[in-house]
1. Does residue 177 satisfy the criteria of being at pLDDT 75 or above, aliphatic (A, V, I, L, M) and either surrounded by 10 or more Cβ atoms within 10 Å (Cβ to Cβ) or not assigned by TED's automatic domain parsing to the domain that holds residue 86 (or both)?
2. Can you find, within segment 42-96, the residue that is nearest to residue 138 (Cα to Cα) among those that are touching a residue at least 40 places away in the same chain (Cβ under 8 Å) and loosely packed, with under 15 Cβ neighbours inside 10 Å?
3. Within segment 131-150, identify whether any single residue is touching a strand residue (DSSP E or B) at 6+ places or on another chain (Cβ under 6 Å), buried (at least 17 other Cβ atoms within 10 Å of the Cβ) and among the aromatic types (Phe, Trp, Tyr), and answer yes or no.
4. Would you mind listing the strands (runs of 3 or more DSSP E) fully within segment 104-159 where at least 3 residues are in contact (Cβ under 8 Å) with a residue 12 or more places away in the chain?
Amino acid sequence: MNRHKRLRALVLALALAWVLAPAALGQTAAMTVHYSREGAVFTLYRVAEPAAGGGWLAAAEFEGCPCALPGAQAPSSAWRDAALALAGWVAQQAPSPAACTAVQAGRAVFEGLSPGLYLALGSPVETEAGPMVPQPVLAALAGDTQAWVKEEPGPEPQPEPEPEPETPVLPAVPGGLPATGQPWWPVAALAAAGLALLAAGRRGRRG
């Protein structure tokens, strides 16, 4: 058991040294995003830098981010979940990006970066099948990193609600019925005719 613990600690130390060494030597990193949709724009965010004691130290733009950052030995699912969580936080907080570039010849290239943890977000692209959105990518950069980006259907545009028909407002007519504008005199004439018929009926019964 102790042997396995020592081996795991050695692997973690080597992984951390692999990330820290370029920064200590003043070296720069690069990232190439491979994506098939020409014209898509990828924005790169520097999420964290390697901490001296291991793990990550949040960059200034991400100091208030509550998302958990994966370790060097975390499974790919943890990296994917962290990328999705960070993408949601970026959409709400809009931190300043480290770089931005468009896809040309199937690649979006970022160069001259400081080693650290980076998040790459792609813009939606309109296609014949509807909008497509590149999946977010989270990567630890220490040299020249290659990332192949998958995509998924974007949200369909919501139709605008149809305006409710307006109720016409009829002009008021002097002596007219309320809310209709019809004159009163037909009502009075019908009432008088009814009274006359009622009186004639009474006289007929008396006779």
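1. Taking the combined requirement at face value, the residue does not satisfy it.
2. If we take residues in segment 42-96 being touching a residue at least 40 places away in the same chain (Cβ under 8 Å) and loosely packed, with under 15 Cβ neighbours inside 10 Å, then 84 is nearest to residue 138 (Cα to Cα).
3. no
4. The strands (runs of 3 or more DSSP E) meeting that bar are 107-113, 116-122, 130-134, 137-141, 144-148, 151-153.
The values are calculated or read from the model by the stated rules, or taken from the named source; none is laboratory data. Here the structure is a predicted model, which is why all the values come from computation and not from measurement. Note that each Cβ is placed from the backbone with ideal geometry, even for glycine, and that neighbours are counted across all protein chains shown.
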